[in-house]
Amino acid sequence: MKRALGLLYGILCYLFFLGVFLRAIWFVWTMDALPEKSPLGMAFLIDAALLGLFAMQHSVMARQGFKRAWTKMVPQPLERSTYVLAASLLLLAVVEFWQPMAHTIWSVVSQPWVAIFQALFWLGWLLLLVSTFLINHYDLFGLQQVWRYWSKKEYEPPKFATPGAYRIVRHPIYLGFVVAFWSAPHMTLGHLFFAVMCTGYILLAIRFEEKDLITFHGESYRIYRSGVSMLVPWPSKKKREA
């Protein structure tokens, strides 16, 4: 029964995440059309607090020290699903309590530029989604852990690999986010603030994440990092030096 409940918990956490994630995509797509609700100063404070809480949850719960302490209270197979649940709840809070700032920063009205911005927006999300499957979508969102727990099989973390887009940039998932966040033909102050803050957090998160990856994969990841660019798909360092 305990294993079955663990599997059900993991599935429900994933389905909740999926619903929130789709809602978040629609939020970013439509955020420049939202009317202002609060004075500018108050909107800045609320939005900064929402993004700050989301970033704090991601950074703290992803660290190995927190995981070691956290799994003394939460069963190891449920740790990732609980992380996904917490992240989804805070993402939903960002979406639902976001305070729009409607001042226009730029507005592109001529074709084909509007179509190009819109295509890049959806390509960013597509890159993100495909990249999760390249490395193991089900492990990333906790489904594999609860499935193996239910099946009474020992969990095996994904091995280091660089399939597809990972041969061009080290973090195609983050690249997908950045492309989607900045691809707006009509950019309001609120959207710009959102994009700047999220991009800044992504750059900071990569720094912490790569420390963990070096701990897990050692010299293999060091060699990979030295030869493949972080986000922008430049030619590798080795090719540039050749």
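The values are calculated or read from the model by the stated rules, or taken from the named source; none is laboratory data. These numbers come from a predicted model, not from an experiment. Note that each Cβ is placed from the backbone with ideal geometry, even for glycine, and that neighbours are counted across all protein chains shown.
TYR149 versus (1) outside any helix (DSSP H, G or I); (2) out of contact with any His (no Cβ under 7 Å at 6 or more places or on another chain); (3) among the aromatic types (Phe, Trp, Tyr): which is the lone unmet condition? Only one criterion is unmet by TYR149, namely (1). Contact map, the stretch 84-101: residues that are among the polar types (S, T, N, Q) paired with residues that are not in a loop (DSSP other than H, G, I, E, B), Cβ distance under 6 Å, separation 6+ or inter-chain. Pairs shown: SER88/PHE16; SER88/PHE17; SER88/VAL20; GLN99/ALA43; GLN99/ILE46; GLN99/ASP47.
Could you please find all residues in the stretch 122-166 being more than 19 Å from the chain's Cα centre (by Cα) and charged (D, E, K, R)? Scanning the stretch 122-166 gives ARG148, LYS152, LYS153, GLU154, GLU156, LYS159.
Could you tell me how many of the residues in the stretch 216-232 are in contact (Cβ under 8 Å) with a residue 60 or more places away in the chain and surrounded by fewer than 13 Cβ atoms within 10 Å (Cβ to Cβ)? Show your work before the answer.
Just the residues of the stretch 216-232 that are in contact (Cβ under 8 Å) with a residue 60 or more places away in the chain, to begin with: 220-221, 224, 228-232.
Imposing the further condition that a residue be surrounded by fewer than 13 Cβ atoms within 10 Å (Cβ to Cβ) reduces the set to 232.
Result for the stretch 216-232: 1.
Give the number of residues within the stretch 174-213 that are within 20 Å of PHE121 (Cα to Cα) and part of a helix (DSSP H, G or I).
Adding up the residues that qualify gives 24.
Looking only at residues of the stretch 152-173 that are assigned to a helix (DSSP H, G or I) and touching a helix residue (DSSP H, G or I) at 6+ places or on another chain (Cβ under 8 Å), we find that the one that is nearest to LEU15 (Cα to Cα) is ILE173.
The lone criterion from (1) assigned to a strand (DSSP E or B); (2) surrounded by 13 or more Cβ atoms within 10 Å (Cβ to Cβ) left unmet by TRP106 is number (2). Only residues that are of a type in the set (Phe, Trp, Tyr) and closer than 18 Å to ILE25 by Cβ were counted across the stretch 83-127, and they come to 6. What do you reckon, is LEU45 more than 18 Å from the chain's Cα centre (by Cα), modelled with pLDDT of 95 or more and part of a helix (DSSP H, G or I)? Yes; evaluated as a whole, the condition is true for this residue. Of the residues making up the stretch 61-72, those that are surrounded by 13 or more Cβ atoms within 10 Å (Cβ to Cβ) and either touching a Phe, Trp or Tyr at 6+ places or on another chain (Cβ under 8 Å) or assigned to a helix (DSSP H, G or I) (or both) are MET61, ALA62, ARG63, PHE66, LYS67, TRP70.
I'd like the full set of residues that are of a type in the set (A, V, I, L, M, F, W, C) and not in a helix (DSSP H, G or I), limited to the stretch 73-97. Don't jump to the end; show me each part of the working.
Let us first name the residues in the stretch 73-97 that are of a type in the set (A, V, I, L, M, F, W, C), namely 73-74, 78, 84-87, 89-95, 97.
Result: MET73, VAL74.
Can you tell me which condition PRO75 does not meet? The list is (1) surrounded by fewer than 14 Cβ atoms within 10 Å (Cβ to Cβ); (2) over 25 Å from HIS186 (Cβ atoms); (3) not basic (Lys, Arg), and all the others hold. The single condition PRO75 does not satisfy is (1).
Does any residue of the stretch 156-169 turn out to be farther than 17 Å from LEU22 by Cα and touching a strand residue (DSSP E or B) at 6+ places or on another chain (Cβ under 7 Å)?
To start, the set of residues in the stretch 156-169 that are farther than 17 Å from LEU22 by Cα comprises 156-169.
Filter once more, keeping what is touching a strand residue (DSSP E or B) at 6+ places or on another chain (Cβ under 7 Å): 169.
Yes, that holds for at least one residue.
Any residue at all in the stretch 184-193 that is in contact (Cβ under 8 Å) with a residue 24 or more places away in the chain, more than 30 Å from LYS37 (Cα to Cα) and either among the hydroxyl-bearing types (Ser, Thr, Tyr) or surrounded by fewer than 16 Cβ atoms within 10 Å (Cβ to Cβ) (or both)? No: the stretch 184-193 contains no residue that is in contact (Cβ under 8 Å) with a residue 24 or more places away in the chain, more than 30 Å from LYS37 (Cα to Cα) and either among the hydroxyl-bearing types (Ser, Thr, Tyr) or surrounded by fewer than 16 Cβ atoms within 10 Å (Cβ to Cβ) (or both). In the stretch 22-39, the count of residues that are part of a helix (DSSP H, G or I), charged (D, E, K, R) and out of contact with any Leu (no Cβ under 8 Å at 6 or more places or on another chain) is one or more.
For the stretch 109-138, taking the residues that are farther than 30 Å from TYR14 by Cβ and touching a residue at least 12 places away in the same chain (Cβ under 8 Å), the one that is surrounded by the most Cβ atoms within 10 Å (Cβ to Cβ) is identified as PHE117.
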